[in-house]
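Q: There's a structure below that I have some questions on.
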Amino acid sequence: MSVKGTEVSKAMMGLGSMATINQTIDQETAAVVVEEMGHVAKPMQKENALEEEMIQAASKTAIRYTRAPVVTIMGHVDHGKDIVTRLYSYVLRWLLVKQVALLSI
């Protein structure tokens, strides 16, 4: 229709229906608003016919692959205050000292 949402809201208010641009309206109300604005409405047989058609088309052409599950391990991070982080830091420092000692030989 190439009409701004505010104009559609004004037309709906003129018909006695209070609706904002973000609200969903049924097909019959939409047809009345479209005709009130001077356009021709083309109602669908079912309200979700387009979505069903797209799902059927996608399922016919889609190639499905099996894949391994994705495993995510989540936990609390104590920002360097826990024993694992201290141990990791100690091992890294030990490896650094070992490298420096080997270079100085």
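Q: Any residue at all in the range 60-78 that is surrounded by 10 or more Cβ atoms within 10 Å (Cβ to Cβ) and either touching a Lys or Arg at 6+ places or on another chain (Cβ under 8 Å) or of a type outside the set (S, T, Y) (or both)?
A: For the range 60-78, residues surrounded by 10 or more Cβ atoms within 10 Å (Cβ to Cβ) and either touching a Lys or Arg at 6+ places or on another chain (Cβ under 8 Å) or of a type outside the set (S, T, Y) (or both): present.
Q: Taking only pairs six or more apart or across chains, which ones have beta-carbon atoms under 7 Å, a first residue in the range 19-45 that is closer than 17 Å to T6 by Cβ, and a second residue that is among the charged types (D, E, K, R)?
A: Pairs found: none.
Q: Then there is this: If a residue has to be in a loop (DSSP other than H, G, I, E, B), in contact (Cβ under 8 Å) with a residue 24 or more places away in the chain and open to solvent by 70 Å² or more (accessible area, probe 1.4 Å) to count, how many in the range 1-18 make the cut?
A: Adding up the residues that qualify gives 1.
Q: If V33 passes every condition in (1) at pLDDT 85 or above; (2) surrounded by fewer than 10 Cβ atoms within 10 Å (Cβ to Cβ); (3) at negative phi but one, which one does it miss?
A: Among (1) at pLDDT 85 or above; (2) surrounded by fewer than 10 Cβ atoms within 10 Å (Cβ to Cβ); (3) at negative phi, the lone unmet condition for V33 is (2).
Q: Hey, any hits in the range 86-100 for a residue that's without any contact (Cβ under 8 Å) to a residue 24 or more places away in the chain, in a loop (DSSP other than H, G, I, E, B) and not β-branched (V, I, T)?
A: The answer is no, given that none of the residues of the range 86-100 is without any contact (Cβ under 8 Å) to a residue 24 or more places away in the chain, in a loop (DSSP other than H, G, I, E, B) and not β-branched (V, I, T).
Q: I'm checking my understanding of the structure. Among residues of the range 19-30 that are open to solvent by 60 Å² or more (accessible area, probe 1.4 Å) and among the hydrophobic types (A, V, I, L, M, F, W, C), which one is farthest from N48 (Cα to Cα)?
A: Out of the qualifying residues, it is I21.
Q: Tally time: how many residues in the range 46-56 are in a loop (DSSP other than H, G, I, E, B) and free of Cβ contacts under 8 Å to residues at least 12 places away in the same chain?
A: Matching residues across the range 46-56 total 2.
The values are calculated or read from the model by the stated rules, or taken from the named source; none is laboratory data. These numbers were taken from a predicted model, which means no experiment stands behind them. When we count neighbours, we look across all protein chains shown, and the Cβ atoms used for this are built from the backbone with ideal geometry, even at glycine. Ligands, DNA and RNA are excluded from the accessible area calculation, which covers all protein heavy atoms including side chains. Shrake-Rupley method; radii C 1.70, N 1.55, O 1.52, S 1.80 Å.
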